[in-house]
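**Student:** Just passing along the structure, written as structure tokens.
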């Protein structure tokens, strides 16, 4: 078995290995969905690595490259091993193999998320030097979830604003968006996203970024002094009405952020699952 970079490897080879490694997962991705996910998360094949056996990928680590909290960061956008090769520590060896290459590119930290109930993975990452940085909730809802909410907003909703304008409104945030929901990730695949904003005298006071095809609500934010006026509910209802599938996903809200979680709870939403965000300095 040999370790090689995925630079120059045909994507079909990567997709086949990904499908085999995650064949038992509840959610399956087709090739176009995987391409889309990796694009959003900053996948860099040259800084991603795999074990090959007789020319076939048997274990892989797909790294996204970008910035997080202002620092050059590698993000684990997908790590897997084909079933018959598990139990040999291949994923851990791939990670350790990748570190010198990441450091050479001035990457300062490595970031990942792991489902909390996957205790084996959490323990593995801790043993590899990762620390838990925060707990994240996720919500998966039916599209008609907000259809009965009668709350009305006194301000007008405007569609399609340039994403670059939203960089000036991070003061609206109550927590740092996770990797996949950050402005940098959204801009990587901005044609897939829609935006809705609320204006008061020409100034943005609230906005929502969402992906119609996947049902992802990437960001929902309202200026502090304009809260409790129905703005967030109106933004979310408008976004949901434009989503093309029957499922709405609000992924990775910070668990100790009362504003967003109490807002969703008051609307009747229940936490679907919990993840840990984990970080290792390089």
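The values are calculated or read from the model by the stated rules, or taken from the named source; none is laboratory data. A quick note: this is a predicted structure, and the numbers were derived from the prediction, not measured. As a convention, Cβ positions derive from the backbone with ideal geometry for all residues, glycine included, and neighbour counts pool all protein chains shown.
**Student:** What number of residues within the stretch 183-221 are closer than 19 Å to residue 133 by Cβ and buried (at least 20 other Cβ atoms within 10 Å of the Cβ)?
**Tutor:** The number of residues fulfilling the criteria is 1.
**Student:** Could you figure out which of (1) under 20 Å from residue 10 (Cα atoms); (2) surrounded by fewer than 14 Cβ atoms within 10 Å (Cβ to Cβ); (3) within 17 Å of the chain's Cα centre (by Cα) isn't true of residue 69?
**Tutor:** Only one criterion is unmet by residue 69, namely (1).
**Student:** What do you reckon, is residue 106 in contact with a strand residue (DSSP E or B) (Cβ under 7 Å, 6 or more places away or on another chain) and on the phi > 0 side of the Ramachandran plot? Even if it seems obvious, please write down each step before you answer.
**Tutor:** Values: in contact with a strand residue (DSSP E or B) (Cβ under 7 Å, 6 or more places away or on another chain): yes; on the phi > 0 side of the Ramachandran plot: yes.
Spelling it out, residue 106 is indeed in contact with a strand residue (DSSP E or B) (Cβ under 7 Å, 6 or more places away or on another chain) and on the phi > 0 side of the Ramachandran plot.
**Student:** Do the conditions hold for residue 8, that is, is it touching a residue at least 24 places away in the same chain (Cβ under 8 Å), more than 19 Å from residue 179 (Cβ to Cβ) and part of a loop (DSSP other than H, G, I, E, B)? Spell out how you get there, then give the answer.
**Tutor:** Values: touching a residue at least 24 places away in the same chain (Cβ under 8 Å): yes; more than 19 Å from residue 179 (Cβ to Cβ): yes; part of a loop (DSSP other than H, G, I, E, B): yes.
When the stated conditions are applied, residue 8 passes them.
**Student:** Another question, if that's okay. I'm trying to understand the selection: among the residues of the stretch 256-266, which are buried (at least 16 other Cβ atoms within 10 Å of the Cβ) and part of a loop (DSSP other than H, G, I, E, B)?
**Tutor:** Passing the criteria: only 257.
**Student:** Checking the condition in the same structural domain as residue 243 (by TED's automatic domain parsing), closer than 22 Å to residue 255 by Cα, crowded, with 18+ Cβ neighbours inside 10 Å and touching a residue at least 12 places away in the same chain (Cβ under 8 Å), which residue from 180, 176 passes?
**Tutor:** Details: 176 fails: crowded, with 18+ Cβ neighbours inside 10 Å.
It is 180.
**Student:** Just checking, does the stretch 189-197 include any residue being assigned to a loop (DSSP other than H, G, I, E, B), under 22 Å from residue 143 (Cα atoms) and in contact with a helix residue (DSSP H, G or I) (Cβ under 8 Å, 6 or more places away or on another chain)?
**Tutor:** Filtering the stretch 189-197 for residues assigned to a loop (DSSP other than H, G, I, E, B) gives 189, 193.
From what is left, the residues that are under 22 Å from residue 143 (Cα atoms) are 193.
With the extra rule that they be in contact with a helix residue (DSSP H, G or I) (Cβ under 8 Å, 6 or more places away or on another chain), the set shrinks to 193.
Looking through the stretch 189-197, at least one residue is assigned to a loop (DSSP other than H, G, I, E, B), under 22 Å from residue 143 (Cα atoms) and in contact with a helix residue (DSSP H, G or I) (Cβ under 8 Å, 6 or more places away or on another chain).
**Student:** Given the structure, is residue 99 assigned to a helix (DSSP H, G or I), modelled with pLDDT of 95 or more, on the phi < 0 side of the Ramachandran plot and surrounded by 14 or more Cβ atoms within 10 Å (Cβ to Cβ)?
**Tutor:** On the way: assigned to a helix (DSSP H, G or I): yes; modelled with pLDDT of 95 or more: yes; on the phi < 0 side of the Ramachandran plot: yes; surrounded by 14 or more Cβ atoms within 10 Å (Cβ to Cβ): yes.
Taking the combined requirement at face value, the residue satisfies it.
**Student:** So, one more: Within the stretch 30-57, track down each residue that is without any contact (Cβ under 8 Å) to a residue 40 or more places away in the chain and either buried (at least 17 other Cβ atoms within 10 Å of the Cβ) or outside the structural domain of residue 92 (by TED's automatic domain parsing) (or both).
**Tutor:** Result: 34, 43, 44.
**Student:** Taking interchain pairs and intrachain pairs at least six residues apart, which have beta carbon atoms under 7 angstrom, with the first residue in the stretch 258-282 and farther than 15 Å from residue 141 by Cα and the second modelled with pLDDT under 95 and loosely packed, with under 13 Cβ neighbours inside 10 Å?
**Tutor:** Pairs found: none.
**Student:** Restrict the check to the stretch 195-206 and report whether at least one residue is at pLDDT 90 or above and within 29 Å of residue 280 (Cβ to Cβ).
**Tutor:** The answer is no; no qualifying residue exists.
**Student:** Restricting the search to the stretch 19-43, which residues are outside any helix (DSSP H, G or I), in contact with a strand residue (DSSP E or B) (Cβ under 7 Å, 6 or more places away or on another chain) and farther than 16 Å from residue 184 by Cβ? Steps first, answer last, please.
**Tutor:** Initial filter on the stretch 19-43 (outside any helix (DSSP H, G or I)): 22-30, 41-43.
Next, from what is left, pick out any that are in contact with a strand residue (DSSP E or B) (Cβ under 7 Å, 6 or more places away or on another chain): 22, 41-43.
Across the stretch 19-43, the qualifying residue is only 22.
**Student:** Here's something else I'd like to know. Return the residue satisfying two criteria in turn: it lies in the stretch 120-152 and is at pLDDT below 90 and exposed (fewer than 13 other Cβ atoms within 10 Å of the Cβ), and of such residues it is nearest to the chain's Cα centre (by Cα).
**Tutor:** Result: 142.
**Student:** Taking the stretch 60-89 only, how many residues are in contact (Cβ under 8 Å) with a residue 60 or more places away in the chain and in a helix (DSSP H, G or I)?
**Tutor:** Selection size over the stretch 60-89: 1.
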